[in-house]
Each structure stands twice: as structure tokens, then as C-alpha cells.
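Novice: The structure that follows is given in the form of C-alpha cells.
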Amino acid sequence: MIPFNKPYLTGNETKYIADAVSRGKISGNGYYTQKCQDFFEKNYNFGKCLLTTSCTDALEMAAILAGIQEGDEVIMPSYTFVSTANAFILRGAKIIFADSYPNNPNINHKEIEKLITPKTKAVVVVHYAGVSCAMDEIMTICKKHHLFLIEDAAQAIDSYYKGKPLGSFGDFAAFSFHETKNIISGEGGMLVINNKKFKKRAEIIWEKGTNRSAFFRGEVDKYGWVDVGSSFLPSDIIAAFLWGQLENLKNIQNRRKEIWNIYFNGLKNTKNIILPNIPDYATNNAHMFYITCNNIKQRSTFIQKLKEHNFHAVFHYLSLHKSPFYKNKYKGKELKNCDKFANTLIRLPFYYELNDIKIKEIIKLIQKL
Ligand SMILES: *Cc1c(COP(=O)(O)O)cnc(C)c1O
């Protein structure tokens, strides 16, 4: 069976892990953690970067930093992963779900302003498949209404909006290095703090509510409990693994983009399916290749047929506003486009080592369906 995903190892991960171990400091905020954080700050012009144990944790940190409290409203797309919502639910927020565009699963910027009330505190955007949301329009809305902007950039490493890296727009941005993403560390993530006001507090929350980082830099002469916090920082062993990936980012991205282009060019004249739409302002970081079908029945047939030929294709999110956990709490209108993607989107096998012959076989099969 050709799997949907296969984690790619560059070969240097275990070398750096051994090095991290030999350095004798394998808890968080060590040598490799700094190296990875510096890489992002330098190459993507991000504000402060803090590695976390997952993107979920980075989102939870963002919710704490934004001061989300019981009864606050947070606007986000319904077509997303549960963590985007859970991070704010944990702080007592009410989630206000917005619909996607008809031709792209991202949050429809025209829907956002209609959902704003005096209780709205933040807008969370998700760059689905690493393709940027309409950032100019969304930033204008957030500024006008004094709302926090948070980017769930879990899938959006090395992707751009009008030439500017995703993750550099929001007050906060959260990345994932889960093994299904482009750059991986098993589990892993990162919080980017672009809003300067929050840099100090972010580091404290990251270090269990203590000012330990400032202490290690020699800025204070003792460290103690100064705020709320949790254990959001990963071991340096995880960071060492991540470094083995990051130093190969260009190579990994080049191959993924080749795969994406083979799929796109091979399928672009296929009737019966719709290919992903990449707006002019956005780049494509080859996080995934998805197609959309006309209806759920056609999708089930496609998945079944691919499976019969030993290819594992999968659907993606179910609408969060219709989930068992949230459907009774959701009081908004129908979200037609979100439901459409929940019912019709298929992700095709996609990973670094997937060879051209297999991709072409998949293309042929889909053309015949
Ligand atoms: C993968 C993903 C997450 C969760 O990332 P973890 O690192 O597994 O916590 C959150 N949001 C989106 C959009 C994702 O794709």
C-alpha cells in the first residue's frame, strides 16, 4: 500500500540527537532549541520564536497571551483541526465559526466583520494547505476593531503572502512539526510572537510561569514564580531532531514542490474534479495535494477505487460547528462551503520519497474514474 504520508528522515537527525545528549543538557531551551529558533527569526523575519511541544501548545500559549477569558468570542474557520478551537475553549471562550470561500477552504474574509460583537477578542486564521488567507483585508479588520490576530500556521512553513512569510502577520503565529507536516520532529511546534509587547511574558509562560530564561541570561539575580504558565518547551533532543530537518529545508521543499506540480499538471484537464485554487497573492508550499469532488458519493468511490489499487487517499476535516462537542453550542447560520469541503475534499498520497512513477499511476487512475 502506498501510504498517505511517510515521515522523511534526512539522516542527520540521530547524529544531532547524539550530539545533544553528549552536551549534557537535554532539557528545554538548550543548544539546538536556540539554533532552531534563530533559524526562523533570521530566515523569516519573525519576531521572537519559541519552540513548543506541539502546535496545539503554541495555540494554547497564544490564547493565554491574548488574555482570553470566560465569555470572550473568538472568530475562526469551521474547516480546521480541533486544536485551533480547543486552545481558546480551554480559556472559556465562545467560538464563532466563519465559512470558507466557495473555491478555497480558507476563512472567507468577507464573513468576518459580520460576526464581530462587543465580546469579540480575536480572529484566528488557518492557512489551509499552506496557502495564505487574505491577510491585508483581515489585518485591516483586526486593526479597526482592536482584535488580536492569530495565525494557525501549522501547515504553512516556508509559504508567503505577497512576498512576506506566513507567520509574520499575526500578533502570534503557531507552527507544527508533527510527522504529517513538511518539516517534522515527531511531535513539535513553535510559537512566533510578533507583537513586541508580549515577548517577555511569552517566555515566562513557556517556562512554567517563572523568569528562568531571564535568569540564565543574567538579567535577574534569582528566578521564581512570576506568572501563570505551563511546561510548553520541548526537550533539546526534539530540537536536535528538528535541526536535522531544518538544515535541509530547501531540499525538502524543492522535492515536495516537484511532486505537487506533477499532480497539478497531470490532473489539470481532468473532468469531474476540481483542483486547488492558489490566489495570486499566495504561494504554494506543497504541504498537501488535495482535489475536490462533486459530492460525497463520488468521493467515497474515488477513495475506494484508489484503495483497490493500493493507494491510500484520505478526506480531511469534518465541520467543527457540526461536531458532537460543539453542535449544541453553535447558534450561527449554515456554513455551506465548509460543509462542502468536509464532504468532497480528498488528500492524495504526498511525501518526499513518493516517486514519479507512483504519482503518475495515481493520476492515470483518477483520470479514468
Ligand atoms: C497539524 C495541525 C494542528 C496541530 O498541530 P500539532 O503539532 O499536532 O499540535 C493544528 N492546526 C492545524 C491547521 C494543523 O494542520
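Novice: For segment 180-198, which residues satisfy the criterion of being surrounded by fewer than 24 Cβ atoms within 10 Å (Cβ to Cβ), in contact (Cβ under 8 Å) with a residue 40 or more places away in the chain and away from the ligand (no atom under 16 Å from the Cβ)?
Specialist: Asn194, Asn195, Lys196, Phe198
Novice: Closer than 21 Å to Ala282 by Cβ, crowded, with 24+ Cβ neighbours inside 10 Å and either within 16 Å of the ligand (Cβ to nearest atom) or among the polar types (S, T, N, Q) (or both) - does that describe any residue in segment 199-212?
Specialist: no
Novice: Which one of these does Ser22 not meet: (1) in contact (Cβ under 8 Å) with a residue 12 or more places away in the chain; (2) over 21 Å from the mean Cα position of the chain (by Cα)?
Specialist: Here Ser22 meets the rest and fails (1).
Novice: Is one or more of the residues making up segment 86-100 at pLDDT 95 or above, in a loop (DSSP other than H, G, I, E, B) and within 14 Å of the ligand (Cβ to nearest atom)?
Specialist: yes
Novice: Quickly run through segment 208-266 and pick out the residues that are out of contact with any strand residue (DSSP E or B) (no Cβ under 7 Å at 6 or more places or on another chain), at pLDDT below 95 and aromatic (Phe, Trp, Tyr).
Specialist: Phe215, Phe216
Novice: Here is a follow-up. How many residues are within 20 Å of Phe169 (Cβ to Cβ) and touching a residue at least 24 places away in the same chain (Cβ under 8 Å) when one looks only at segment 33-50?
Specialist: Number satisfying all stated conditions: 10.
Novice: Name every residue in segment 261-274 that is assigned to a loop (DSSP other than H, G, I, E, B) and surrounded by 15 or more Cβ atoms within 10 Å (Cβ to Cβ), in order of residue number.
Specialist: Result: Thr270, Ile273.
Novice: Tally up the residues in segment 161-179 that are farther than 12 Å from Leu149 by Cβ, of a type in the set (Phe, Trp, Tyr) and within 16 Å of the ligand (Cβ to nearest atom), please.
Specialist: Looking only at that region, the number is 2.
The values are calculated or read from the model by the stated rules, or taken from the named source; none is laboratory data. Just so it is clear, the model here is predicted, and its values are computed rather than measured. Here the Cβ is made from the backbone with ideal geometry for all residues, glycine too, and neighbour counts use every protein chain on show.
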